[in-house]
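*Asks:* Could you have a look at this structure, given as C-alpha cells, before my questions?
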Number of protein chains: 2
Amino acid sequence: MEHIISYNEIFKFTYNTFIGIGCSHEDATTATTVLVAADVRGIDSHGVARLPGYIRLWEAGRINPTPNIRIIHESPSTATIDGDAGLGLVVAPYAMQVAINKAKIAGTGWVSVGNSNHFGIAGYHAMMALQHDMTGIAMTNASALVAPTFSVERMLGTNPIAVAIPAGQQPPFVADFATTTASNGKLELLQRKNGDAPLGWVQDKEGNDVTDAHALKTGGVMLPLGSDREHGSHKGYALGSIVDIFSAVFSGASYGPWAPPFPAYVPMPENMPGKGLGHFFGAMRIDAFRPAEEFKHHMDNWINRFRNATPAPGCDRVLIPGDPEREMEAVRMKEGIPINDTVYNDLLEIGKRFGLQL
Amino acid sequence: MEHIISYNEIFKFTYNTFIGIGCSHEDATTATTVLVAADVRGIDSHGVARLPGYIRLWEAGRINPTPNIRIIHESPSTATIDGDAGLGLVVAPYAMQVAINKAKIAGTGWVSVGNSNHFGIAGYHAMMALQHDMTGIAMTNASALVAPTFSVERMLGTNPIAVAIPAGQQPPFVADFATTTASNGKLELLQRKNGDAPLGWVQDKEGNDVTDAHALKTGGVMLPLGSDREHGSHKGYALGSIVDIFSAVFSGASYGPWAPPFPAYVPMPENMPGKGLGHFFGAMRIDAFRPAEEFKHHMDNWINRFRNATPAPGCDRVLIPGDPEREMEAVRMKEGIPINDTVYNDLLEIGKRFGLQL
C-alpha cells in the first residue's frame, strides 16, 4: 500500500523530528530541505526512507545535533572543514556555501569535508551553485559495499558524483549518479519486490555474477560502473576511488573500507584512519571562464542539440541529465509524495517517539 | 611483423618531424615528449601511430606550427586559453602549466582551452602536477563517435578524463580513461586483427548491439561507459557530456557533434559553434587542503590497503590506477617500443618526406 503525503506535511514532520533530536531551527530547516529534496526528485531511497537511520545514528551517539562546523585549513580557493560529527544534511550545505563564497572572490572554490555523516542527494548540494551563475560539484564517500576490479572485497562506497551546470532559457544540466553500475537505492527497490537484479550489478562473496538482489546480505558486493573488466569496471573503480580520495584523504575523514557504516547496528571499523565520512564540493563561476551571457547562450545550444539527437528505435526522446528528476519534482510538488508501507510505518514509530502526527 | 625501436630513436625521429612542419625547437621537444609518452606507457593508439594524422591535419591547414597561445580571460584561480590552432601536444602542457602556476598562489588552478587540437594522452598532462605536490586533472573533447543513451546519433567523443594524485613512498595514483565502455584505441586494435568486439562496445546505425569491430565504418556508434541503460550508460553519457562542456562550452571551442574530426579527409562540420577542440585542466595543491606530509602518509596507506584487497578467484592482484602504464614504461624504456608494420610503414613515408631515417 502506498500513502500520498504532501510536501508540506512531510516537511513539517521531518523538521519536527530533527527538532526532536536537538537540532536548532535553522539546522532542522536545512536538514529537512535537503532530505525531502530526494523524495521530491524521485530518489526515494535517499529521502525520508532514511530518517529512521539518521535517528538510530543519533541514538548511537554518532550524530551530533549541535555541531561546531568549522574551517580547519584554507587557501584563497580552498577550505577543509571539520563537520564535528554533525548531520551531513547540515554540514554539506554549509561547506558548499563556503565553496561558493570562495568562488565569488577567487573564481572557483573547493572544499573537502571530514568528520561528517551521510549528506542526502549529491545533486542538491551541486545545485546550490546554480543561482549564483556557478557550476556546482558535489561528491561523498560512503560505507564500503563495492569491490574493485579483480577483487571480492568491499572497499568503496557507491560514492556518487553530482555536477550542476547553469543554462539560459533551458533548465540546468544536473548529473547525479553513483559510481556503481546501479545505485544502492535501485538494489533496495528490487529487494523489497524480491525481484532479480540484472547480471552485472552484484556478485556473491566468491566473485560469481549473480542476480540475487539480496546477495549483499550473504557477503556479496556491488560492482563499479562498467560491471566487469571487459566493459570498463576499472573506470568505475577509478571514479569511486577519486571520490573517496578527494572526500576523505584530502579532508582527514575515514576512507575506503574504513568508512563508517550507515546502519547504526554495524560496529565501526577498527583502526579507522580518519574521522567520519568525507565529502568534496566545488563551485566555479561561469564568468571566471567566459562572459556569463555568452556561456548561457552556448549551454542552451548544447542542451537543445542533445535533446534533439536522433532517438533510437523505440525510444521517444533523448534526455538531458536532470530531466527525469525535474519532471518528477513538478509532479510531486503538485500531487504529493508516495510513501510505501514500510517507510510509512517507520515514520509512525518516529512520530510516537517525538509526539508527531503524520 | 613488429619493429622494436628505442625511446631515443623514436624521440629523435618524431622531434625532427615536428621540426619539419615548422615547429620551434622548444615546441617540437614538448610535442614529442607528450606524443611518445603514449607509446612508452603502452597506449599505442595515441602515440606515434597518430603522427601521420597530425601531419595530414597540418597539410590541411588545420594545425598552426607556430601558434600564439594566449590567455583570453582569467580570475585568480582560472584562465581561458586560445590555442591558436596549435598542436594540442603543445597547447595542453602550456595550459596545464598555467593551472599549476595559478594553484601556487590561489591553492587551485583551472584552465579551459579552446581552438586546440588533439593533445595525446590525458594522463601526461595530469601527471605534470605531481612534481609540484599537486593533484592534476586533464580532460578533452574529441570527434563525435558516441551516441547518448536512447540515441543512435554520434554526439560525443570518447572524451577522456585523467586524474593524478601524488603519494609518499608509493607511486602516484594515475587514472586515465575514456568515458566510453572501451577506448577507440582498443577498438582499432580489434579492427586490425579483424576480431570481434564484446557486446556492449558498439552498435550499428539502427541501434542494434553488434560485435563487428568495424561497425563505425557503416554508420555505427560507440557506447558510453555502462553500455546500456540497465548497466548505467546514462552515467557514461553524463561523464562524456561534462567533459565536453568543461572543455568546449567553457572555453569557446566547438562542442558535441560539431567537434572537429581528427581525420583530415573528413570535412569540418557545418555551422560550428566554436573554434577547434577544447580541453580542461585542473591543479590542486595538496597542502591547500592538508599538510603535505600528512596527506602523503594517508595516500600511501590508501594505496597499500587497496593493493592488498582480497583478489577474486583466478586474479593475481588488485591494481591501483596507473600500475599497468608505469610497469609498461619501465619495460619499454629498457627494451624499446614495439611498432607494428602498418605504423612502421607510415613512419617510413614521413621519413621520406622530411629526409629522416628511422
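The values are calculated or read from the model by the stated rules, or taken from the named source; none is laboratory data. Predicted model, so just to flag it, every value in this text is computed and none were measured. Glycine also receives a Cβ, built like all others from the backbone with ideal geometry; neighbour counts cover every protein chain displayed.
*Asks:* Mind listing whichever residues of region A:314-348 are assigned to a loop (DSSP other than H, G, I, E, B), under 26 Å from A:ILE303 (Cα atoms) and away from chain B (no Cβ under 14 Å)?
*Replies:* none
*Asks:* For B:ALA288, which of the numbered conditions (1) touching a strand residue (DSSP E or B) at 6+ places or on another chain (Cβ under 6 Å); (2) more than 9 Å from every other protein chain (Cβ to nearest Cβ) fails to hold?
*Replies:* (2)
*Asks:* Consider only pairs whose beta carbons are under 6 Å apart and that are at least six residues apart or on different chains; among these, list those whose first residue lies in region B:224-237 and is within 16 Å of A:PRO224 (Cβ to Cβ) and at the interface with another protein chain (Cβ under 8 Å from one of its Cβ atoms) and whose second residue is in a helix (DSSP H, G or I) and modelled with pLDDT of 95 or more.
*Replies:* Listed by first residue and then by second, the contacts come to B:LEU225/A:LYS235; B:LEU225/B:GLY236; B:GLY226/B:SER233; B:GLY226/B:LYS235; B:GLY226/B:GLY236; B:SER227/A:HIS231; B:SER227/B:SER233.
*Asks:* Also, I was wondering about something else. Restricted to region A:152-177, and to residues that are at the interface with chain B (Cβ under 8 Å from one of its Cβ atoms) and assigned to a loop (DSSP other than H, G, I, E, B), which residue is nearest to A:ASN304 (Cα to Cα)?
*Replies:* Here the residue is A:MET155.
*Asks:* Report every pair of residues separated by at least 6 positions or lying on different chains whose Cβ atoms are under 8 Å apart, first residue within region B:244-273 and more than 14 Å from every other protein chain (Cβ to nearest Cβ), second of a type in the set (A, V, I, L, M) and part of a loop (DSSP other than H, G, I, E, B).
*Replies:* So the pair list comes out as B:PRO260/B:MET268; B:PRO260/B:MET272; B:PRO261/B:MET268; B:PHE262/B:ALA142; B:ALA264/B:ALA60.
*Asks:* For region A:224-270, name all the residues that are among the small types (Gly, Ala, Ser) and assigned to a loop (DSSP other than H, G, I, E, B).
*Replies:* Within region A:224-270, A:GLY226, A:SER227, A:GLY232, A:SER251, A:GLY252, A:ALA253, A:SER254, A:ALA259, A:ALA264 qualify.
*Asks:* Looking at B:ALA309, is it touching a strand residue (DSSP E or B) at 6+ places or on another chain (Cβ under 7 Å), of a type in the set (Gly, Ala, Ser) and touching a residue at least 24 places away in the same chain (Cβ under 8 Å)? Explain how you work it out, then say what you get.
*Replies:* On the way: touching a strand residue (DSSP E or B) at 6+ places or on another chain (Cβ under 7 Å): yes; of a type in the set (Gly, Ala, Ser): yes; touching a residue at least 24 places away in the same chain (Cβ under 8 Å): no.
No; evaluated as a whole, the condition is false for this residue.
*Asks:* Mind listing whichever residues of region A:125-143 are surrounded by fewer than 24 Cβ atoms within 10 Å (Cβ to Cβ) and among the small types (Gly, Ala, Ser)?
*Replies:* If the condition is that a residue be surrounded by fewer than 24 Cβ atoms within 10 Å (Cβ to Cβ) and among the small types (Gly, Ala, Ser), then A:SER143 is the only one that fits.
*Asks:* May I ask you to list pairs of residues, at least six apart or on different chains, whose Cβ atoms are under 6 Å apart, with the first in region A:56-78 being under 19 Å from A:LYS275 (Cβ atoms) and the second being assigned to a loop (DSSP other than H, G, I, E, B) and of a type in the set (Val, Ile, Thr)?
*Replies:* Listed by first residue and then by second, the contacts come to A:LEU57/A:ILE63; A:TRP58/A:ILE21; A:PRO65/A:ILE21.
*Asks:* Say we look at region A:178-223 and pick out the residues that are basic (Lys, Arg) and in a helix (DSSP H, G or I); which of these is nearest to A:MET139 (Cα to Cα)? First the steps, then the outcome.
*Replies:* Our first condition is that a residue be basic (Lys, Arg); within region A:178-223, this holds for A:186, A:192-193, A:205, A:217.
Next, from what is left, pick out any that are in a helix (DSSP H, G or I): A:186, A:192-193, A:217.
Details: A:LYS186: 19, A:ARG192: 27, A:LYS193: 29, A:LYS217: 26 Å.
Ranking the qualifying residues of region A:178-223, first place goes to A:LYS186.
*Asks:* Collect the residues in region B:70-91 that are within 25 Å of B:VAL163 (Cα to Cα), of a type in the set (A, V, I, L, M) and surrounded by fewer than 22 Cβ atoms within 10 Å (Cβ to Cβ), keeping them in residue-number order.
*Replies:* B:ILE71
*Asks:* Is one or more of the residues making up region A:29-36 without any contact (Cβ under 8 Å) to a residue 60 or more places away in the chain, in contact with a Leu (Cβ under 6 Å, 6 or more places away or on another chain) and either crowded, with 19+ Cβ neighbours inside 10 Å or β-branched (Val, Ile, Thr) (or both)?
*Replies:* Scanning region A:29-36 turns up at least one residue that is without any contact (Cβ under 8 Å) to a residue 60 or more places away in the chain, in contact with a Leu (Cβ under 6 Å, 6 or more places away or on another chain) and either crowded, with 19+ Cβ neighbours inside 10 Å or β-branched (Val, Ile, Thr) (or both).
*Asks:* Continuing with the same structure: Could you grab me the full set of residues in region A:92-126 that are closer than 15 Å to A:PRO160 by Cβ, touching a Gly at 6+ places or on another chain (Cβ under 9 Å) and among the hydroxyl-bearing types (Ser, Thr, Tyr)?
*Replies:* Within region A:92-126, just A:SER116 meets the criteria.
*Asks:* Ok, one more. Could you tell me whether region B:92-104 includes any residue that is crowded, with 24+ Cβ neighbours inside 10 Å and away from chain A (no Cβ under 14 Å)?
*Replies:* Yes, there is a match, as at least one residue in region B:92-104 is crowded, with 24+ Cβ neighbours inside 10 Å and away from chain A (no Cβ under 14 Å).
*Asks:* Would it be correct to say that A:GLY236 is surrounded by 22 or more Cβ atoms within 10 Å (Cβ to Cβ), more than 30 Å from A:HIS297 (Cβ to Cβ) and either of a type outside the set (Gly, Ala, Ser) or in contact with a Lys or Arg (Cβ under 9 Å, 6 or more places away or on another chain) (or both)?
*Replies:* yes
*Asks:* Could you say which residue among B:MET268, B:MET284 is surrounded by fewer than 22 Cβ atoms within 10 Å (Cβ to Cβ) and either in contact with a helix residue (DSSP H, G or I) (Cβ under 9 Å, 6 or more places away or on another chain) or within 27 Å of B:MET139 (Cα to Cα) (or both)?
*Replies:* B:MET268
*Asks:* Would you confirm whether any residue within region A:204-221 is surrounded by 24 or more Cβ atoms within 10 Å (Cβ to Cβ), among the aliphatic types (A, V, I, L, M) and within 22 Å of B:THR149 (Cβ to Cβ)?
*Replies:* Among the residues of region A:204-221, not one is surrounded by 24 or more Cβ atoms within 10 Å (Cβ to Cβ), among the aliphatic types (A, V, I, L, M) and within 22 Å of B:THR149 (Cβ to Cβ), which makes the answer no.
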